[in-house]
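Taking it in order: structure first as structure tokens, then the write-up.
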Amino acid sequence: MSAFFKKPIVLAIVIAIVIVIIALVSRGNKEELTTVTAARGTITQKVSVTGKVVPAEEVDLAFEKTGRVSRIAAKVSDEVITGQALAVLENAAQVAAVRQAEANVKTEEAKLAELRRGTRPEELKVQEVKTANARITLVDKLRDAYTKTDDAIRNTFDQFFDNPRVNPNLILAGIDTQLTITLERERYELEAALVQWNTSLAALTTASDLASYAAMARANLAKAEQFGGRIASAVNSLLASAKLSQTTIDGYKSDVSTARASIATGITNLTTAESSWIVEENQFTLKRAGATSEEIAAQEGKLAYAQAAALAAQAELGKTILRAPFAGIITRQDAKVGAIVAANQILVSIISVAEYEIEANVPEVDIAELKVGDEAEITLDAYGNGIVFRAKIIEIEPAETVVDGVPTYKTTFQFLAKNERIRSGMTANIEIVTAQKENVVVLPQRAIMQKNGSRTARVLKGKSITEIPVTLGARGSDGMVEIASGVSEGDIIYVPD
């Protein structure tokens, strides 16, 4: 073994190993220092987060009502402008309602203008003719109503009575006793009414008060209509027998139905004629007397009501047309022509054109440093760090959002300039400058030591090193720190490796 260590090569290797060990031990016990010079500079505080590019405006659209799709006006990827139609439901009824409402507005506007202008002689003459024609029509309908009622009762319903005009006696067998009594009483009362009605018609051509005659006629028609309904009930209860065939019963039913329809027609015609006459009489009275301020105010109210009705009709029509709320690009179009869609069923999605924002979740440790209006530098993973975009904070949500167990706050950034390279969904790296101090003495953070709760720096003074207490100011995001006191510009500071 001793001979082995006496060999020159082995001896050289051993000596080299010893030298390396001694050097390593010496180096471990000796602190190697580098120096920096305290200088004036700028301390910048930043918050760095990651976010995602989203459209500044994005919305899902649906119809407010159920309907059948009649037209598709925009497809996916189409650019649309604000208010442009995207899809339309069948809306013929709504279009007609709008046109009718608009026509009513024009009518009421014309009436108001006429009241404000006053009546011209030729207009009064025209209205006088209209009123006279309406009066003649009403007289004709009063007579016609009597004729229809008289025929229905005396020529149709009376076939079911013995001696109907003097002492009515229902001859239908098997009818409920109470119904029989009621029918016989009502037929007796109707006879008196028909006689009085016929007598009044003789004076109708010279009567000045058509309204009272119309009221009497309406009352008589109502009684006749009620009587006809009870006759129908009696006939409908009849059963075929050896003395009464089904054919005869069917004939009764047909006769009664025709008579009742005739009475109903008389009621309708009289009501229409009376309404028209009242309107024309009122117009004639207004034109002859001239409009008062109260009448003008009333017509203004009618016009306002018509205008409101037109707006309501337009709103109903609007519910059948899906329109773009802002200029943008269609990203979804599920509507199909002919398909029935339900109310609030999402059919179309749209995002704004070239208007993008960034949404980022900022941890609670950084959120206190941010405020609306702070500017930020943005880089997008798609283009690397060489292309920088500018943005600013436009919103910080007050409520937290927990991400991986950490409270964060959704913060929205808006790009300061449009750029065609920005796309929805891109990953954004964000740096927000929260504070900046210029022309202050700065040192690397690692040059500051902490002993017994105080901070010091090793300053070279002459050939000796002195530890001097320092007061720190702002801390930069790049590892630099402001020296508020203790170190002056130009001091040489030792920094441990």
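The values are calculated or read from the model by the stated rules, or taken from the named source; none is laboratory data. It should be emphasised that the depicted structure is a prediction, and the values quoted were computed from it without experimental measurement. Here the Cβ positions follow ideal geometry from the backbone for every residue, glycine too, while neighbour counts run over all protein chains shown. For the accessible areas, the whole protein counts, side chains as well, though only heavy atoms, and no ligand, DNA or RNA atoms are used. Shrake-Rupley method; radii C 1.70, N 1.55, O 1.52, S 1.80 Å.
Evaluate the range 37-52: report whether one residue or more is open to solvent by less than 80 Å² (accessible area, probe 1.4 Å) and at pLDDT 90 or above.
yes
Can you say whether Ala93 is loosely packed, with under 14 Cβ neighbours inside 10 Å, modelled with pLDDT of 75 or more, more than 34 Å from the chain's Cα centre (by Cα) and among the aliphatic types (A, V, I, L, M), as far as the supplied structure shows?
no
Among the strands (runs of 3 or more DSSP E) contained in the range 308-426, which hold 3 or more residues that are at pLDDT below 85 and open to solvent by less than 20 Å² (accessible area, probe 1.4 Å)?
Fully inside the range 308-426 and qualifying: nothing.
Which of the residues belonging to the range 468-484 are hydrophobic (A, V, I, L, M, F, W, C) and part of a strand (DSSP E or B)?
Passing the criteria: Ile468, Leu472, Ala474, Met480, Val481, Ile483, Ala484.
Give me a count of the residues in the range 83-107 that are of a type in the set (S, T, N, Q) and farther than 30 Å from Ala304 by Cβ.
1
For the range 138-177, enumerate the residues that are more than 21 Å from Thr258 (Cβ to Cβ) and under 60 Å from the mean Cα position of the chain (by Cα).
Leu138, Val139, Asp140, Leu142
Can you find even one residue in the range 434-449 that is at pLDDT 80 or above, open to solvent by less than 40 Å² (accessible area, probe 1.4 Å) and closer than 30 Å to Phe389 by Cβ?
Yes, some residue in the range 434-449 is at pLDDT 80 or above, open to solvent by less than 40 Å² (accessible area, probe 1.4 Å) and closer than 30 Å to Phe389 by Cβ.
Looking at the range 53-64, which of the residues that are surrounded by 15 or more Cβ atoms within 10 Å (Cβ to Cβ) and assigned to a loop (DSSP other than H, G, I, E, B) is modelled with the highest pLDDT?
Among those residues, the one meeting the criterion is Phe63.
Any residue at all in the range 181-194 that is touching a Ser or Thr at 6+ places or on another chain (Cβ under 6 Å), closer than 24 Å to Ala264 by Cα and assigned to a helix (DSSP H, G or I)?
no
Hey, any hits in the range 475-483 for a residue that's surrounded by fewer than 15 Cβ atoms within 10 Å (Cβ to Cβ) and modelled with pLDDT of 80 or more?
no
Report the residue count in the range 234-252 for those that are within 59 Å of the chain's Cα centre (by Cα), loosely packed, with under 14 Cβ neighbours inside 10 Å and within 18 Å of Phe161 (Cβ to Cβ).
2
Per-residue answers, yes or no, for (1) outside any helix (DSSP H, G or I); (2) open to solvent by 70 Å² or more (accessible area, probe 1.4 Å):
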| site | (1), (2) |
| --- | --- |
| Lys75 | yes, yes |
| Gly83 | yes, no |
| Lys111 | no, yes |
| Arg116 | no, yes |
| Gln127 | no, no |
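Considering only residues of the range 253-267 that are more than 15 Å from Asp158 (Cβ to Cβ) and in contact with a helix residue (DSSP H, G or I) (Cβ under 8 Å, 6 or more places away or on another chain), which is surrounded by the most Cβ atoms within 10 Å (Cβ to Cβ)?
The qualifying residue surrounded by the most Cβ atoms within 10 Å (Cβ to Cβ) is Gly266.
Cβ-Cβ distance below 6 Å, separation of 6 or more or different chains: which pairs start in the range 232-252 with a residue that is within 20 Å of Asp176 (Cβ to Cβ) and end on one that is aliphatic (A, V, I, L, M) and not in a helix (DSSP H, G or I)?
Filtered contacts from the range 232-252: Ala234/Leu172; Ala234/Ile175; Ile249/Leu238.
What is the one condition in (1) under 17 Å from Ala360 (Cβ atoms); (2) open to solvent by 30 Å² or more (accessible area, probe 1.4 Å); (3) in a strand (DSSP E or B) that Ile430 does not satisfy?
(2)
Can you tell me which of (1) in contact (Cβ under 8 Å) with a residue 60 or more places away in the chain; (2) within 22 Å of the chain's Cα centre (by Cα) is the one Arg135 doesn't meet?
Only one criterion is unmet by Arg135, namely (2).
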